[in-house]
Structures are given as structure tokens and as C-alpha cells.
Amino acid sequence: MRFLLRRAGFYLVALWAAVTFNFIIPRLMPGDPAEAYIARLQTQQVTRAQIDAIRAEFGVNPNVPVWKQYFAYLNGLLHGNLGISTSQFPSQVIDILRESLPWTIGLVGAALILSFFIGTLVGMLIAWKRGSWYDTAVPPILTFFSAVPYFWMALGLVYLFGVNLNWFPTDSGYDVFSVTPGWSIDFISSVVQHAILPVTTLVIGSLAGWVLTMRNMMITTLSEDYVLMAQAKGLPERRVMFNYAARNAILPSITSFSISLGLIVSGSLLTEIVFNYPGIGFALYKGVQGNDYALVEGCFLVIALAVLIANFLSELIYAFLDPRVRQGRN
Amino acid sequence: MQVTNLANQQIDSSTILDRVRGRRSGILSAITSNPKIAAGVGVVAFFVLIALAAPLLTPYDPNASIVTGSLPPSSAHILGTTGLGQDMFAQIVYGARISLLVGFSAAIGSTVLQVFFGLSSAYFGGIVDDVLSLIINVFLVLPGLPLTIVLASLASANAANKNEFVIALVLLFTSWSYGARVLRAQTLSLKEREFVTAARASGESSLRIIFAEILPNEVALVASTFIGTFVYAIGAEVALEFLGLGDTSRASWGVILYWAQNNGALIVGKWWQFVPAGLCVAVLCAGLTFINFGIDQLANPRLRAERPQRRRLLSEKKKIVP
């Protein structure tokens, strides 16, 4: 219990840091960001209301002391006020995020689960058959794939399976022309179809991490005495592999969850852009393109919040699986 | 029952150096003795040479429109031309300069931060360690690329700031946490060794102990986190430029991909506009990762390749276990 409270405290501090970054960064940039920003907008049509919204957004009013601005900002956040989007004026940023978040969670969730299971299984198998040809071939190939930038892999898949072979749709999260969102078979199958290529991109890109962690850990576990004992007892190969070796080797994979999650979230941001997938990454891209800082910062906050919650959950699972952590011993 | 954890296992660089010295001396033998390191160094050297020799390899100016429109690869333009009629091969070789330089300088700066935070946090302990560890862990848990995008997009609000230098600075700021944590863990165990106690007893300053006594013993680890950061920096730099957060008027690998995406090169099947640049990033990063695997293998004997397979393992075991 004390362990959990301490971890919860840490994540609160991390969240506070993310929020404070969001507050400080625009104020640290050289020059007045609001002015620079408005100057750049002059080429487009800017209404009085937009300029006011921008000024209010940046909150760079020299008459108000910084700490007052800070508390006003925190207060706004607590009430779900992330400001007004300037590129999609006059939408509230929070509304845009509310629409995008489920798409990203679906994409990242599906990719994470798939790559965890496939990767761990492959890692286990190649460690079991250590020294065989696929143990020599698989890690370098996967390393190469993990070095490929996510968005480039996405471009390649779009080119191959979308444009050339025309197997899968490559645009948007569902068929916007013929299907209406809702709990209908048509809509769900359309969503699944549209998700296949993006999810494949993410799985291929993140597979190597799981495979290599599992392989290395499995090799260590295989040299343990209890594995030898299990073999000596004449237990079936499969039982030794799954119940004796893999079961103990899997813990570090769960520990490295937070790093994998960070990578896969970053990957999903870029992948969404290529596929025009209506998630947070695409919203972020539109924000960047339109110099819409309220939207960009809102996206960052939501991503940070989601990643922190997911990390906390993974620690809960870890504590549940490993009694040494649960009891605070080490 | 002891479950060992490779991820936390200490990398002892002294054993690496001993092993290398035992055969031949010098860095060259360290490179050639391990096939993974040799392959990786070969790849990296190839790209560095290309970047340096760019003017010798192509007669074209990478940013000048030579022909009208995007031509497929031909003998005059071996990788075709971009939508603006620029020579793609010239863009790739000159682009290598920018991408390598940004990645390298960000990684160097980041490694300095890693060493500073990691070593001082572990060495001083107590309240210093508590505060620094908290900072390290917060940076570690915050999603890196989104933070980088936020920073870069705000930094480039002023059009004058939209350049490679700012990107390198942003990457430096967001990439140091992982290495710092790894170095901190290693330093925690090293500072208990006798040579540190001896140095302290002989009255050496903390600064000297950290940098002259402890740091040299972590060279392998620093090298490996440096390479890891380098890989991250190149990938993130290309991603930022792909988003249009860099100087889009000068060819670099990310900018090439930015224009390929914006010109819809994909939909009309102009593969030569996006395949070469991405392939370069992938091969370079894979090469760097290979060097890291090699270092890992040298430092961690359990991962070294063995002849097949479990039967040998079992027979060895039988000799030990009666």
C-alpha cells in the first residue's frame, strides 16, 4: 500500500511537471510569442475575436504578475479549460481532444497488445532454439525494422498495400462517405479495416524491443537450476518452456513497458499523420501546421496524462505479479 | 531463488578493455574483434564519408531546380528528381551532412548532461540524489516526442528560429533522461569500490573522483548510451522535419520526406521521392544499433553467441551439478 501511495505521488509530481512545462515554455521563448504569432497570421484573415483569444491563450499580460497567471492557468485546467483552438476557431480545444482521444487509444492499445504477445512469443521461441538459423536471422532483421522511422514504414505500407495493391483503405479512421458512426456492424468493420495498416505499422516498428528483451531474459532463465530440474524430471518440453522458463523471464518485459509505451505513442502520432487517422497525432499535426499552440499544448497534456496513467497501471500489474515489489523488499 | 535481471546487470568496462588488450591493443582491434561492431562501424563510416565527399559525388546543387518536374531515376539523375526538379541523389548526400550533424551534436550535448546528472546524482547521494533522481524520472516518464514537438513548434514560432540548431537544442533537452538513469545505476555500484574509497581517503576533490576516477570506468556504458541517444536524435530530427518544423528550404533527409508527403508523391506512385531518404535513416540507425549490440555482447558474456544449442548447455551443467 505504501509502495502504491509513493508511486501515485510520483506520478502526480510528473503530471505537475508536464502542466508547468506547458505554462513556462511559451514564456521562455525569445520575444513575445503572442505578437510573433499574430504577425504570422496577418497573411490570413484574423478576426478581432481570434486576436483576443490568442492573447488570452498566451496569457502574456505584463500587468498581471506571473504567479497570478500561473494559478489562473491551473484553475482553468482543473475546469477542463484548455483554451480555444485558433486553427479550428471557435472550437474548444477540449472538444477536439475528446473526439480524437478514443481513436488514438484504440490504435495504440491494439498495437501494444499485439506486439507484446507476438514479440514475447517470438523472443521465447528463438531463445529456446538458441543458435538455430532463425535465432541468428530474426534479431538483426527486427533491429533493422525498428530502426525504420515509423512514418516512413507507414508511407511504405500505404504505397504497397494501399496504392499499388489497393487492399486496404489508407485514409481516415472509417469510411466517412458511406458509414455513420455508431454501434453498427458496418461502422465497426469499417473501423477495423481502416485500422489494419496503421496497427501493422506500429506492431512491426515496436516488435524488436519485446523480442530482444524476452530473448535475453529467457537465455538467463534457461541456465537456472530449476529449469534443469524440470527437464531432469522429464516434463514435456512445452511445459518447461512456458511454465518454468517463460513465466520467470517475462517480468522485465513488464518493467520495460513504460519505455515501450513512450515509443509506441510517439510512433502512433506520426503514423496517424500519414494515414490521416483522426486521433491525437493528427490533431497535433493540424495544430503544428496551423500554429495553433493551444491545440498543440492540449495534445501534449492529454498524451502526458494518458501515458502517466498507463504507466501507473503497469506498475500496479507488476506489483501484483512480483511479491518482492509488493512488499517493498528488494 | 534468484531471478537475475540482465537489464540491471552491471556492465564492467574494465573487462572489455582487458579482453581487447589481451589480444591486440588499440581501438582498431576492439572494432574488428566483434562482427556486429565491425558491421555497424562500417555502415556509419560509409555515411560519414558520403557526407564529407558530397561535392565529389555529385555535380548538382541539392537546392537548385535543374529540370522541370519530377523525373524518374535515369542515368543523368540516378535517384530521379523532386517535384521542384532538384536532383534527389544530391539532396541525399548533402542532406546526410545536416542529419548527421544535428544527430551528432544533440547526442554529444545530451551525453554531457547524462554524465553530469547520472554521476553526480549517484556520487553525492542523499538529498542531491533525491532531487536529481526525481528530475530524471519525471523526464523519463513524460512522452518524449510529443514534448519535443511542443518545444520545437513553439521555438519556431519566430520564423528566424526555424533551423537545425534549434532542433538540435530541443533534442538535447529531451533525450538525456534514459542515459542518466543507466549511468546513475552503474555509478551507485562503482562508488562502493575500493579505489574510490582510496581516492577519497587521499583527499581528492569530489570533482576529480567523479571525472578522473569513476568516469573512465564507465567508458563502455557512456559509449553505449551515446550511441543510443544518437539513434534517437536522428529519428526524432527526421520526424520533426517531416512535420515541417525544420528549415524546409534546405535539403535534409527529413525535409525530403516532408516534401514527398506534401506533394503527394505517394499517391501518384513516385517512390523515388521517399524511398531513398527513409532507407538511409533506417540503415544508419540499424548500423548504430548494431554497434550497441556489439558493445553489449563484449560487456555481457552471457549474450555472446554460442554453438548450438541446449544440449551443450545441459552437458556443461551436468559437470557442475553432481
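Key figures for this structure:
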{"read-out": "Inter-label distance, nm, simple model (7 Å from Cα along the C-beta direction), A:Val176/A:Asn276", "value": "0.6"}
{"read-out": "Cα point-scatterer Debye curve for segment A:108-189, base-10 log of I(q)/I(0) at q = 0.11, 0.16, 0.19 Å⁻¹", "value": "-0.51, -0.88, -1.03"}
{"read-out": "Note, ³J(HN,Hα) from phi for segment B:231-237, Karplus 6.51, -1.76, 1.60, rounded to Hz, x at Gly and Pro", "value": "4, 4, 5, 5, x, 5, 5"}
{"read-out": "Alpha-carbon centroid distance for the pair segment A:208-227 / segment A:77-135, whole angstrom", "value": "26"}
{"read-out": "Net charge over other residues, Cβ less than 15 angstrom from the Cβ of A:Asn243 (K, R count +1; D, E count -1)", "value": "+2"}
{"read-out": "Volume in Å³ per residue [convex hull over Cα atoms, computed for segment A:214-255]", "value": "53"}
{"read-out": "Shielding by partners, peptide B:257-264 (average Cβ within 10 angstrom, other chains)", "value": "1"}
{"read-out": "Normalised contact order of chain A, rounded percent, pairs of Cα under 8 Å and 6 or more residues apart", "value": "25"}
{"read-out": "Cα shape, segment B:72-223, gyration tensor, a/c 1.5 rule", "value": "prolate"}
{"read-out": "Solution diffusion estimate, µm²/s, Stokes-Einstein, segment A:75-119, Kirkwood Rh from C-alpha pairs, 10 °C, viscosity 1.306 mPa s", "value": "127"}
{"read-out": "Number of partner chain Cβ atoms within 10 Å, mean per residue of A:150-157", "value": "6"}
{"read-out": "Burial ordering of A:Met241, A:Met229, fewest other beta-carbon atoms within 10 Å first", "value": "A:Met229, A:Met241"}
{"read-out": "For segment A:193-243, alpha-carbon Rg over 2.2 N^0.38 Å", "value": "1.71"}
{"read-out": "Spatial separation of Cα centroids for segment B:182-218 and segment A:262-287, in angstrom", "value": "44"}
{"read-out": "CD proxy at 222 nm, helix term only [per DSSP H run n ≥ 4: -39500 (n - 2.57); per residue of chain A; nearest 500]", "value": "-23500 deg cm²/dmol"}
{"read-out": "Pair A:Ser91, B:Ile267: separation of 7 Å Cα→Cβ label points (nm)", "value": "2.0"}
{"read-out": "Approximate shape of segment B:216-301 as ellipsoid semi-axes (Cα gyration tensor, √5λ), whole Å, largest first", "value": "33, 14, 7"}
{"read-out": "Calculated diffusion of segment B:49-111, Stokes-Einstein form, Kirkwood radius summed over Cα pairs, 20 °C and 1.002 mPa s, µm²/s", "value": "172"}
{"read-out": "Per-residue average of Cβ from other chains inside 10 Å of A:261-272", "value": "4"}
{"read-out": "Percent of Cα pairs exceeding the 35 Å cut-off, where the set is chain A", "value": "37"}
{"read-out": "Mean Cβ count within 10 Å, highest first, over the residues of peptides B:142-149, B:63-70", "value": "B:142-149, B:63-70"}
{"read-out": "Cβ charges +1 (Lys, Arg) and -1 (Asp, Glu), total dipole of segment B:82-225, debye", "value": "120"}
{"read-out": "Choice from A:Lys233, A:Lys129, A:Lys286 showing the highest fluctuation, given a GNM over chain A with Cα pairs closer than 10 Å", "value": "A:Lys233"}
{"read-out": "Dimensionless Rg/Rh of segment A:286-327 - Kirkwood Rh, Rg from C-alpha atoms", "value": "1.36"}
{"read-out": "Stretch gain in nm, segment A:Val66-A:Phe3, where the contour uses 0.36 nm per residue and the Cα spacing is subtracted", "value": "19.1 nm"}
{"read-out": "Estimated vicinal HN-Hα couplings, Hz - segment B:91-104 in sequence order (Karplus 6.51, -1.76, 1.60; Gly, Pro = x)", "value": "4, 5, 6, 6, x, 4, 4, 5, 5, 5, 5, 4, x, 5"}
{"read-out": "Cα pair distances exceeding 24 angstrom across segment A:149-281, given as percent", "value": "50"}
{"read-out": "Cα shape, segment B:176-264, gyration tensor, a/c 1.5 rule", "value": "prolate"}
{"read-out": "Sum of side-chain charges, A:Val13 neighbourhood, beta-carbon under 15 Å (Lys, Arg +1; Asp, Glu -1)", "value": "0"}
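FYI, it's all coordinate maths here, none of it is from the lab. Everything quoted here is computed from the prediction, not taken from an experiment. We place every Cβ from the backbone using ideal geometry, glycine too, and count neighbours over all the protein chains shown.
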